[in-house]
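Notes to accompany the following structure.
The values are calculated or read from the model by the stated rules, or taken from the named source; none is laboratory data. Quick caveat: nothing in here was measured; it's all calculated off a predicted structure. All Cβ positions, even for glycine, are placed from backbone atoms using ideal geometry, and neighbour counts span all protein chains on display.
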Amino acid sequence: MLKVTEKPGIISFAGGLPSPQTFPIEAFADACEKVLRGGGVDSARASLQYAASEGYRPLCEWVAASLPWDVSPDQVMITTGSQQGLDLVAKVLIDEGSRVLVETPTYLGALQAFTPMEPQIVGVASDAEGVDVDDLEGKAAPTLRTGASVTPEGPRFLYVLPNFQNPTGRSMSEARRAALVARAAAIGLPLVEDNPYGDLWFDHPPPPPLTARNPEGCIYLGSFSKVLAPGLRLGFMVAPKAIMPKLLQAKQAADLHSPSFNQRVVAEVLKDGFLDRHVPTIRALYKRQCHAMLSALRTEMAGLDVQWNEPDGGMFLWVRLPEGMNATELLPKAVEHGVAFVPGSAFYADHADPRTLRLSFVTATVEQMGVGIAALARAIREQHGA
Ligand SMILES: Cc1ncc(COP(=O)(O)O)c(C=O)c1O
């Protein structure tokens, strides 16, 4: 499907690619030079050598110091993107037939990481503020019957994206975070918190992470993909000390370690508060693009029963089509009109809502936004009337 949506001439709101305008090319050029020539030949050679599975120590220290709760660098593992963090969590925590809880909807890449371990993935009801804590309690019950099968033990974890979620763009309120962490702790349910978008807020930073409220009950995943560049394939995982040896074993089996050179270059780029200067430029760009998309939606969808949310950050917004419509069936018509999106059904563990779709507002330019949304509105009108 992505191949179709990436055809030349198509305005794509489908991909989850950060805007390449935000990649700090000069900072990387300087940092590469410093890593290779700035510290003498031994340091240059070390940057090209095999290295520790935990990650480059100064980068682990930077991660620990950057988080708003007390984290030891020994609890940090540098991963090959946060996607690898999801894979390692799946390998260590999931067994065939065990239950895993996810939000409704949730990140497709997490469903893909969990599925090979053959768990029973159960969607927890969610609203504009995130996970429905009462529904969670039911889905986390020790014995749960879904369809023909029964899982005889509680879930291994709840996977949750509190900030500018992929795919919906929604964020959890402070009250919901507090309630979720309290309920999860009370029933002994581990949380896997994925936070690649938390720094991409428009006007106000989101409330503190779930993990900050109960570090012993959570695994936290972060990423350099959205604040520096995704091609680096660097992310990180923060986990309770007791589980680190198992996660390290899985990491060693997967790829020994994340690229030494990339880690040292990133550690060099991050020196002297680089992100404090760089990330505000990404926020400003994405905010402009989001507002352009929202304004085009207001104009072009007038008179249609189409709903959407207004995110406070991140890269995505979530659209619900008029009653009776199906986003997967709409896609070929939209592509005919020159615009692409991702049908929402890809993001559900169960009970998909066929009316939903995801729009990315960061890859297309502000100029393309009006044209693309107008094309989408034309496709909806044609399909709806059909
Ligand atoms: C919610 C979420 N988690 C994890 C990832 C993976 O990011 P990366 O592996 O580039 O760090 C993505 C990428 O789009 C994402 O949206």
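Against the conditions (1) part of a helix (DSSP H, G or I); (2) within 16 Å of the ligand (Cβ to nearest atom); (3) touching a residue at least 60 places away in the same chain (Cβ under 8 Å), residue 258 satisfies every one except (1).
For the range 68-90, taking the residues that are within 19 Å of residue 161 (Cα to Cα) and away from the ligand (no atom under 16 Å from the Cβ), the one that is surrounded by the most Cβ atoms within 10 Å (Cβ to Cβ) is identified as 69. Based on this model, can you work out whether residue 228 counts as within 21 Å of the chain's Cα centre (by Cα), of a type in the set (A, V, I, L, M), assigned by TED's automatic domain parsing to the domain that holds residue 70 and more than 21 Å from residue 177 (Cβ to Cβ)? Answer is yes for this residue. So if I check each of 317, 248, 294, which one is assigned by TED's automatic domain parsing to the domain that holds residue 355, under 23 Å from the mean Cα position of the chain (by Cα) and surrounded by fewer than 20 Cβ atoms within 10 Å (Cβ to Cβ)? One residue alone meets the criteria, 294. Considering the range 117-139, and only residues there that are touching a residue at least 12 places away in the same chain (Cβ under 8 Å) and in a helix (DSSP H, G or I), the residue that is surrounded by the most Cβ atoms within 10 Å (Cβ to Cβ) turns out to be 136. Residues that are within 16 Å of the ligand (Cβ to nearest atom), surrounded by 24 or more Cβ atoms within 10 Å (Cβ to Cβ) and of a type outside the set (Lys, Arg) number at least 1 in the following strands (runs of 3 or more DSSP E) confined to the range 140-234: 158-160, 191-194, 218-223.
Filtered by the rule that a residue be at pLDDT below 95 and under 18 Å from residue 300 (Cβ atoms), the range 341-368 gives 364, 365, 366, 367, 368.
Filtered by the rule that a residue be away from the ligand (no atom under 14 Å from the Cβ) and surrounded by 19 or more Cβ atoms within 10 Å (Cβ to Cβ), the range 93-116 gives 93, 94, 99, 100, 101, 104.
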